[in-house]
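This report refers to the structure that appears directly beneath it.
Laboratory data are not the source of any read-out in this text; all were calculated from the coordinates shown. Owing to the predicted nature of the structure, the values given are computational and were not obtained by experimental measurement. Virtual Cβ from ideal backbone geometry, glycine too; neighbours counted across all protein chains shown.
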Amino acid sequence: MGSEKQSCELCMNPGGAILWRSALCRVVRVDDPHYPGFCRVIWNDHVREMSDLDASQQNLLMHIVFAVESVVRRLFNPDKINLASFGNMVPHVHWHVIPRWQDDRHFPEPVWGSVRREGLASRPVVSNEVLAQALSVALEEFE
């Protein structure tokens, strides 16, 4: 696994602007102007699958994912939240928390699908600092 870790994008780089971090995982903001509030929850250690984590780690990670979802819902008021964990391209446990709007570029398809419209409607503007502060409050029990 040593060479796999050395070539892993999420082991070598933060994966986005770090908003919150603990000893076990981090929450980063994805820089995507079409999906403000798009966050990733990334397990810090190089682990391929959720089932490689023990039950307490799995529960902790999902509590953090759900807390991030709640904060994104409150601050960005999307029509829907998509939660996704693929790892096909980056086999390192991480979850995507993606706010969705009915008039966004891809709706109702996944954000990785074909663009269906321009999706230029204005979205809430929330700075990294405000998002980080809200996450800090929501995740203080996990630090």
By residue number, the members of the range 105-122 that are charged (D, E, K, R) and either surrounded by fewer than 12 Cβ atoms within 10 Å (Cβ to Cβ) or closer than 10 Å to HIS34 by Cα (or both) are ARG105, ARG117, GLU118
Can we say TRP95 is in contact with a helix residue (DSSP H, G or I) (Cβ under 9 Å, 6 or more places away or on another chain) and not hydroxyl-bearing (Ser, Thr, Tyr)? yes
Do you know which residues across the range 60-89 are in contact with a strand residue (DSSP E or B) (Cβ under 9 Å, 6 or more places away or on another chain), in a loop (DSSP other than H, G, I, E, B) and surrounded by fewer than 17 Cβ atoms within 10 Å (Cβ to Cβ)? ASN77, ASP79, SER85, PHE86, GLY87
List every residue pair whose Cβ atoms lie under 7 Å apart, where the two residues are 6 or more positions apart in sequence or sit on different chains, the first residue falls within the range 44-70 and is among the aliphatic types (A, V, I, L, M), and the second residue, located anywhere, is in a helix (DSSP H, G or I) and surrounded by 13 or more Cβ atoms within 10 Å (Cβ to Cβ). MET50/GLN58; LEU53/LEU61; LEU60/PHE142; ILE64/PHE142; ALA67/ALA138; VAL68/LEU135
Might you let me know whether the range 110-125 holds any residue that is part of a loop (DSSP other than H, G, I, E, B), under 15 Å from the mean Cα position of the chain (by Cα) and without any contact (Cβ under 8 Å) to a residue 24 or more places away in the chain? yes
